1. Measure up LYS244/LYS544; LYS63/LYS335; LYS244/LYS493 against 30 Å on the Cα-Cα distance and list the ones that go over.
2. Using the Cα atoms of the stretch 288-354, I'd like the radius of gyration and the largest Cα-Cα distance, Dmax, both in angstrom.
3. Express the C-alpha Rg of the stretch 174-241 as a ratio against the empirical globular expectation 2.2 N^0.38 Å, rounded to two decimals.
4. Based solely on its DSSP helices, what 222 nm [θ] is calculated for the chain when runs of n ≥ 4 H residues each add -39,500 (n - 2.57) and the sum is averaged over all residues, nearest 500 deg cm²/dmol?
5. Quick check: the angle from helix 339-360's long axis to the longest principal axis of the chain, C-alpha only, nearest 10 degrees?
6. Below 9 angstrom from the Cβ of GLU314, what's the summed charge of the other residues (Lys, Arg +1; Asp, Glu -1)?
7. Quick check: the angle from helix 223-233's long axis to the longest principal axis of the chain, C-alpha only, nearest 10 degrees?
8. Normalising by the residue count of the stretch 268-366, find the relative contact order in percent from Cα pairs under 8 Å and 6+ residues apart.
Amino acid sequence: MSETVGDFFWHRMHDWGVRTVFGYPGDGVNGLLGALQRANGQFKFVQVRHEEMAAFMASAYAKFTGEVGVCMATSGPGASHLITGLYDARLDHMPVLAIAGQQARTAIGGHYQQELDLPSMFKDVAGSFVCQASAPAQVRHMVDRAMRIAQGRRRVTALVFPNDLQEAPYAEPPRAHGTLHSGVGYSAPSVVPRQQDLQRAAEALNAGKKVAILVGAGALHATDEVMAVAQKLGAGVAKALLGKAVLPDELPWVTGSIGLLGTKPSWDMMTHCDTLLMIGSGFPYSEFLPKEGQARGVQIDIEPEMLSLRYPMEVSLNGDSAETLRALLPLLDEKPDRSWRARIERDVAEWWKLLEARAKVSANPVNPQRVVWELSPRLPERAIITSDSGSCANWFARDLKIRRGMMCSLSGGLASMGAAVPYAIAAKFAHPDRPVVALVGDGAMQMNNMSELITVAKYWREWANPTWVVCVFNNQDLNQVTWEQRVMEGDPKFTATQQIPDVPYHRFAELIGLRGIFVDNPDNLAAAWDTALTSDRPVVLEVKTDPEVPPLPPHITLKQAQAFISATLAPDPNEAGMLMGTAKELLSAVLPGQK
Ligand SMILES: Cc1ncc(C[n+]2csc(CCOP(=O)(O)OP(=O)(O)O)c2C)c(N)n1
Ligand SMILES: [Mg+2]
């Protein structure tokens, strides 16, 4: 059989270094799948339960490897299912290539079955490059551009292949007018700002007496450099959610997370600093940064579009974080006065004590903070931790103590539910030897994470290390939103939208051949984690947690506090428990400066 377009496509993808594809079949891609089969094991095709999960996995694969994540779906509904996962990659600046099938070229434009206008559909999420093939000779430059743009610009790209074209004989572009002759390969340049801009940045940072640093995902490869700069400047460092693994939480001057899921030391540091150094972060909430005019701002980001966006920066440095910090370091003076640093360290030490106390507050039946508090010291070396969106993201952000060598992530910019399990699966295909832990709410479990456990059941025996644990916070509530409604709107819990059915997640795990553990007594948590983390197979650890423990921001405004208090007075089906949780911990720490 002569080479088809499908055969050529996979050869080219292989030349680009692609080895793993997350996807789901359909007749829109049968020509590509036949060719994939003929490629004889050169690729790992990971069969998911839902195409959105394939796109989340591609996004997470890119996050955990730095390579392009590839996902694949059939025409029509398969392609449209990809969209949310692709937006996840787009908003977190991840290189992902989506491959979609399409109806035959002769049917396109005919209101044909499963015919969607896919280039238009992908255009927003994959705006940098989306292309529908119409001739064999076009496929070479389509692949080359899609891969190079995804890598070089950290974007989502999309390729659409009509099914008849996939099986057509491949022919290289002839040497003729109207053809392209593209090539394979990309390597990232060294990106360092100009010396005069580094000087300006150093001048601002050297003049500051109280320097606050904020790091994000763009600094994940710059741990040593961030530590060296923070040390010289006597600064504290707050970490945006996607930058949680930049620095270990054991460092006494790391203030932890920032924002709605943040910590009080981060809030205090930003409120009192006179200089802000922001490194590789698109952290969205400006109200958690210094007031405009309060601090001189320096920012480092590889993407020009992210510069001076959240705070008006005096010096915006377009560059790679590690290289730029290395170039900056010799220009920085060691701050002789360490009182600012000492104050931050005091605040951080107090905060950890407060978190421990909060975690140990009794609850009905289990305090969700305790779940994560008990996990931290038990996390194996090099673990990868993922979290879903929901109240567990608060505990992930605040209570989880990350150590050097670990990785973690979640759906950051999109903050989509349903990402933790596909992320945790992708983590295993990226690093089969690393232990993986996912934190997931019960709502997110029901949405789609649960069915993706079937994918785990299918593949786990292939993983060099079997440790893969999903911890389900079973609170029978869409709790994060319940609290947002209480605090932001002053509304009582709306049972019709918020309450969700009780499901025996651990028993579902057992039904499909995984291990299930159920905990409804906080005293059993430590042993449950120990068992889960040493099990010979993947585990669903289901914990019955209390929905009345408030996942509140580190500070809330007076208006929000008033709304909250009026909500506690309104008829709320959970009023009694809520007031108890409130009395125990809310008023102690969430209103800094407003006591
Ligand atoms: C796809 C999607 N739909 C809705 C939301 C809004 N949302 C954010 S958190 C949340 C509740 C999550 O509930 P659950 O998974 O049970 O976690 P909990 O907050 O109860 O711990 C909802 C509905 C979202 N972020 N993503
Ligand atoms: Mg819940």
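The values are calculated or read from the model by the stated rules, or taken from the named source; none is laboratory data. Here the structure is a predicted model, which means the values were calculated and not measured. Methodologically, a virtual Cβ is constructed for each residue, glycine included, from the backbone with ideal geometry; neighbour enumeration extends over all protein chains shown. Ligands, DNA and RNA are stripped out before the accessible areas are found, and what is left, the full protein with its side chains, is counted by its heavy atoms. Shrake-Rupley method; radii C 1.70, N 1.55, O 1.52, S 1.80 Å.
1. LYS63/LYS335; LYS244/LYS493
2. 15.2, 40
3. Details: Rg = 20.3 Å, N = 68, 2.2 N^0.38 = 10.9 Å.
Compared with the compact-globule rule of thumb, the stretch 174-241 sits at 1.86.
4. On the way: 23 runs with 220 residues, N = 595.
Value at 222 nm, helices only, nearest 500: -10500 deg cm²/dmol.
5. Long axis of 339-360 versus the principal axis of the chain: about 80 degrees.
6. Residues near GLU314 contribute +2 overall.
7. It is inclined by approximately 40 degrees.
8. Once normalised by length, the contact order is 19 percent.
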